[in-house]
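For reference, the structure is listed below as structure tokens.
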Amino acid sequence: MRLSLRFILPLLLVLAGIAYAIAPLVDKLTLGWFMRDIEIRSSLIASTIQEPLQEQLAANKNAKIAEFFNRITQNERIYAVGYCPDPTGTVLASRWLPAEIRCASLGRWEGPGHHLLPSAQGPLQVAVLPMVSEAMPAGRLIVVHDMSFISRRSEETNRYLFYAFMGLAAVISLITVVIAQLSWRGWMAGMRSLLRGEGLLRRPEFDAQPANPPSPPGFKPIARDLQRLIQELEADTRARDESQVTWTPEALRGILRGELSGEDVIVVSNREPYSHQRRGERIEVQRPASGLVTALEPIMRACSGTWIAHGSGSADRDFVDKNDCVGVPPDKPAYQLRRVWLSAEEEAGYYYGFSNEGLWPLCHIAHVRPTFRSSDWAQYVAVNRKFAKAVVSEAKTKDPIVLVQDYHMALLPKMIRDELPNATIITFWHIPWPNPESFAICPWREEVLEGLLGSSILGFHTQFHCNNFVDTVDRFIEARVDRASFNVTFGGKSTAVRRYPISIAWPPEAEMMEKSVADCRSSIRQLNDLPQEHKLGVGVDRLDYTKGIVERFRAIERLLELNPDWIGRFTFVQIAAPTRSGIDEYQHHEEQVRAMAARINTRFGRQGPPPIVLKIEHHEPREVYGYFRAADLCFVSSLHDGMNLVAKEFVGARDDERGVLILSEFTGAARELPEALVVNPYDADQCAAALHLALTMSPNEQRDRMRLMRGLVAEYNVFRWAGRMLLDAAAMRRRSRLTDKPGTSTL
Ligand code: GDG
């Protein structure tokens, strides 16, 4: 109603204004018409009365002529009639002939133009017409018309004009209001979308109306065409993005500003991007050396979002506000870190228990039996719920974009979806997904799958893991699996299962590459008491049984057995960062690794440098890069690994295009880096041969292989990983708004 009034009143005013403005024009036009009519009428009267008048003039009956003229003036429009025999004569006239009209001055009323004479009754029109008679060639007939009817007609016309415009305004308003009421929301949404650089017919974000009003049927074909057009444009843009964008943090920020400006972005991970640690009296801010943090930070900075993570630092509680939030990075806050506190029991059950003793071995198939305890599961559910609550409380809108990270949060997507049905939830599973038979042993397999299917997009590193996931869903829950598009529909919601191979930042931080390769070679050898010409191999891993460190050592032993020439000439430095040391399996693994290194060193290292240098401690990233740059080869022998960033970091570190990468075929990275020496870590002989090949490879071959691998890592870097997921999410949001299905949609 308010809308109608707001629309009708201005329209009425505008049309009234138009009517007022055009009235004089209409007057002028109608006056012209009337004058022409009257002139014709005057000629008609003249020719009609000519004959009787001549007869009476001939009979010299002046009194009869006046009476004759008076009869003619009974016509309401004819005011007076007169006759002048010649310019010097006296006018013979009906009553009311104005005194100004004299035979001597008839010339002023003759000729072209409208001859008007003002009078008390209103304007009079004077027409002087010659008599067509040989007997009286100078005779002139005068016909005076009353023009006051014109002003009466003009008033009437203006009144009708005014009413007509008002009627027109009312009809236009009515039609417009009816159409507007039908399509108001759709069009408004469309206009807003257009202004935001999106598509037409978008559903408003915070619509208080009943959910998803359908487009009026009349608009449906247009909507479909627009939808198709937008999809084509998007596909075009995406293709351009893929091929032309050089993915840098700035490019990622730029694209996000364009695609997701003003969107509410929330990241959820177990690990926090910054932790505050107490070191005696000092407080230290630690940044985990993690690819995940490197990848997600530019997103958070660009969107000023919120990162929710377990507050695990010893001084974390001292640095948060009353909402458990702290601005990070600490020196120049760009986004909020919301810390979630976990009790020792929660951490034991959720993190060490179900996540790392259950899901981790379940997904890695590294021949360590998963342990499933119902008490761990209960904590896992409770902690996931705690994170879900934090997400809901941090969400500033009804449809945030939530990036859920990893296997610690498998139930979170569904929990968020239940509370925020319009959210766009992107879940990334950083570890492998096993085949259905292996996954089947999980007692809560349905719950885990249903939890993950709360996601709008579910990402894995490789297509193989996507396939395994889809097969598992197909086997264990009632969901519709579309293998052509890789969309799974469950409970009416759709999840796009997609491959997004993670990578490293490119180029690597300048600080890591500061020291030249020659300096690194020399200082690392010096640090480890190795001769300058000594061949050096390197391994950098968390001390995890899935990384195949035992198998790696076995391959080194086999190399020395098969090629004893390398004894005393080759050393392998294994950097092993302590991890999950509260878990028995990890303690046992550490013992096994230590014992094996000691045994091999005893066997082959008596007379000179040891074949293996084992460094079980955390190293700073600069030190790690120093080893990468100093080494002749890097050996990644994971028994199963989602991607493995160490392989890519080694490639990134070698701007001298030297060094050989030996890479397990069971890593996601092996699918992207076929120029590495790809091996089966369970095959000790094959690995030993690869070690020998690497140690003897010509510099040219090293360069050729390294150049190809560097090209790939540069192009498919971590900013692309993050950017592609978010671009897909943005496209999905646009599409779901077009099709009126919030939160989830097919890609
Ligand atoms: C999971 C998936 C996937 C290692 N030791 C030290 C240290 N590191 C750094 C490495 C590398 C990172 O840790 C390890 O990354 P990975 O990818 O190799 O493996 P996970 O930790 O198991 O990661 C894996 C990854 O998620 C990402 O999605 O690739 O498949 O299992 O950056 O350099 N860093 C420092 N000191 C160490 O002692 N500073």
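The values are calculated or read from the model by the stated rules, or taken from the named source; none is laboratory data. Just so it is clear, the model here is predicted, and its values are computed rather than measured. In this analysis, Cβ positions are derived from the backbone assuming ideal geometry, glycine residues included, and neighbour counts consider all displayed protein chains. Accessible surface is based on the protein model in full, side chains and every heavy atom, while ligands, DNA and RNA are left aside. Shrake-Rupley method; radii C 1.70, N 1.55, O 1.52, S 1.80 Å.
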When (1) surrounded by fewer than 16 Cβ atoms within 10 Å (Cβ to Cβ); (2) not hydroxyl-bearing (Ser, Thr, Tyr); (3) not assigned by TED's automatic domain parsing to the domain that holds Phe34 are applied to Pro87, the one that fails is (3)
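Mind checking whether some residue in the stretch 677-685 is more than 16 Å from the chain's Cα centre (by Cα), farther than 22 Å from Leu639 by Cβ and surrounded by 17 or more Cβ atoms within 10 Å (Cβ to Cβ)? Can you show your working first?
Of the residues in the stretch 677-685, the ones more than 16 Å from the chain's Cα centre (by Cα) are 677-685.
Applying the additional criterion that residues be farther than 22 Å from Leu639 by Cβ yields none.
Within the stretch 677-685 (the criterion being more than 16 Å from the chain's Cα centre (by Cα), farther than 22 Å from Leu639 by Cβ and surrounded by 17 or more Cβ atoms within 10 Å (Cβ to Cβ)), the answer is no, since none of the residues qualifies.
Looking only at the stretch 534-541, decide whether some residue is basic (Lys, Arg) and buried (at least 17 other Cβ atoms within 10 Å of the Cβ).
Filtering the stretch 534-541 for residues basic (Lys, Arg) gives 535.
Imposing the further condition that a residue be buried (at least 17 other Cβ atoms within 10 Å of the Cβ) reduces the set to 535.
Within the stretch 534-541, one or more residues are basic (Lys, Arg) and buried (at least 17 other Cβ atoms within 10 Å of the Cβ).
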Strands (runs of 3 or more DSSP E) within the stretch 430-513 that include 1 or more residues polar (S, T, N, Q) and either in contact with a Cys (Cβ under 7 Å, 6 or more places away or on another chain) or open to solvent by 10 Å² or more (accessible area, probe 1.4 Å) (or both): 487-490, 493-499
Which of the numbered conditions does Glu478 fail, given that it passes all the others? Conditions: (1) without any contact (Cβ under 8 Å) to a residue 60 or more places away in the chain; (2) closer than 22 Å to Trp360 by Cβ. (2)
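Provide a single number: the residues in the stretch 538-571 that are away from the ligand (no atom under 16 Å from the Cβ) and assigned to a strand (DSSP E or B). Let's see the steps before the verdict.
Residues of the stretch 538-571 away from the ligand (no atom under 16 Å from the Cβ): 550, 553-571.
From what's left, assigned to a strand (DSSP E or B): 570-571.
Total meeting the criteria: 2.
Are any residues in the stretch 607-623 more than 23 Å from Ala690 (Cα to Cα) and within 14 Å of the ligand (Cβ to nearest atom), and if so, which ones? Walk me through it before giving the result.
If we filter the stretch 607-623 for residues that are more than 23 Å from Ala690 (Cα to Cα), which is where we start, we get 607-608, 615-623.
Residues satisfying the conditions are Lys615, Ile616, Glu617, His618, His619, Glu620, Pro621, Arg622, Glu623.
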What are the residue pairs meeting all of these: first residue in the stretch 611-627, first residue more than 13 Å from Glu649 (Cβ to Cβ), second residue more than 9 Å from the ligand (Cβ to nearest atom) and open to solvent by 90 Å² or more (accessible area, probe 1.4 Å), Cβ atoms under 8 Å, and 6 or more apart or on different chains? Leu614/Arg594; Ile616/Arg594
Tell me whether the stretch 690-710 contains one or more residues that are touching a strand residue (DSSP E or B) at 6+ places or on another chain (Cβ under 8 Å), open to solvent by 40 Å² or more (accessible area, probe 1.4 Å), of a type in the set (D, E, K, R) and modelled with pLDDT of 90 or more. yes
With the requirement that a residue be open to solvent by 10 Å² or more (accessible area, probe 1.4 Å) and either more than 9 Å from the ligand (Cβ to nearest atom) or among the acidic types (Asp, Glu) (or both), what does the stretch 642-666 give you? Glu649, Asp655, Asp656, Glu657, Arg658, Glu665, Phe666
So, in the stretch 406-427, of the ones that are within 14 Å of Val265 (Cβ to Cβ) and crowded, with 24+ Cβ neighbours inside 10 Å, which residue ends up nearest to the ligand (Cβ to nearest atom)? Ile426
Residues satisfying the stated conditions in the stretch 312-371, i.e. touching an Asp or Glu at 6+ places or on another chain (Cβ under 8 Å), part of a loop (DSSP other than H, G, I, E, B) and closer than 27 Å to Ile549 by Cα: Val368, Pro370, Thr371
Restricting the first residue to the stretch 427-439 and requiring it to be more than 10 Å from Phe464 (Cα to Cα), which pairs with a second residue that is among the basic types (Lys, Arg) meet a Cβ separation below 9 Å and a spacing of at least six or different chains? Pro436/Arg475; Glu437/Arg475; Phe439/Arg445; Phe439/Arg475
Between a first residue in the stretch 525-552 that is basic (Lys, Arg) and a second residue that is open to solvent by 60 Å² or more (accessible area, probe 1.4 Å) and within 14 Å of the ligand (Cβ to nearest atom), which pairs have beta carbons less than 6 Å apart while being 6 or more apart in sequence or on different chains? none
Residues within the stretch 620-655 that are farther than 13 Å from Met512 by Cα and acidic (Asp, Glu), tallied: 2
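Criterion first (part of a helix (DSSP H, G or I), within 15 Å of the ligand (Cβ to nearest atom) and in the same structural domain as Val624 (by TED's automatic domain parsing)) does Ala694 satisfy it? Break it down stepwise before answering.
Values: part of a helix (DSSP H, G or I): yes; within 15 Å of the ligand (Cβ to nearest atom): no; in the same structural domain as Val624 (by TED's automatic domain parsing): yes.
No; evaluated as a whole, the condition is false for this residue.
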I need a count of the residues in the stretch 103-116 that are part of a loop (DSSP other than H, G, I, E, B) and either within 60 Å of the chain's Cα centre (by Cα) or surrounded by 15 or more Cβ atoms within 10 Å (Cβ to Cβ) (or both). 2
List the number of the failed condition for His276; all other conditions in (1) closer than 21 Å to Lys396 by Cα; (2) at pLDDT 80 or above; (3) not polar (S, T, N, Q) hold. (1)
Every pair of residues 6+ apart whose Cβ atoms lie under 8 Å, when the first sits in the stretch 151-163 and is polar (S, T, N, Q) while the second is not in a helix (DSSP H, G or I): Ser151/Gly122; Ser151/Pro123
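Check Arg724, Arg710, Arg735 and return the single one that is over 30 Å from the mean Cα position of the chain (by Cα) and basic (Lys, Arg).
Details: Arg724 fails: over 30 Å from the mean Cα position of the chain (by Cα); Arg735 fails: over 30 Å from the mean Cα position of the chain (by Cα).
Criteria check complete, one pass: Arg710.
For the structure I just gave you, tell me whether Gln379 is open to solvent by 10 Å² or more (accessible area, probe 1.4 Å) and in contact with a Cys (Cβ under 6 Å, 6 or more places away or on another chain).
It is false that Gln379 is open to solvent by 10 Å² or more (accessible area, probe 1.4 Å) and in contact with a Cys (Cβ under 6 Å, 6 or more places away or on another chain).
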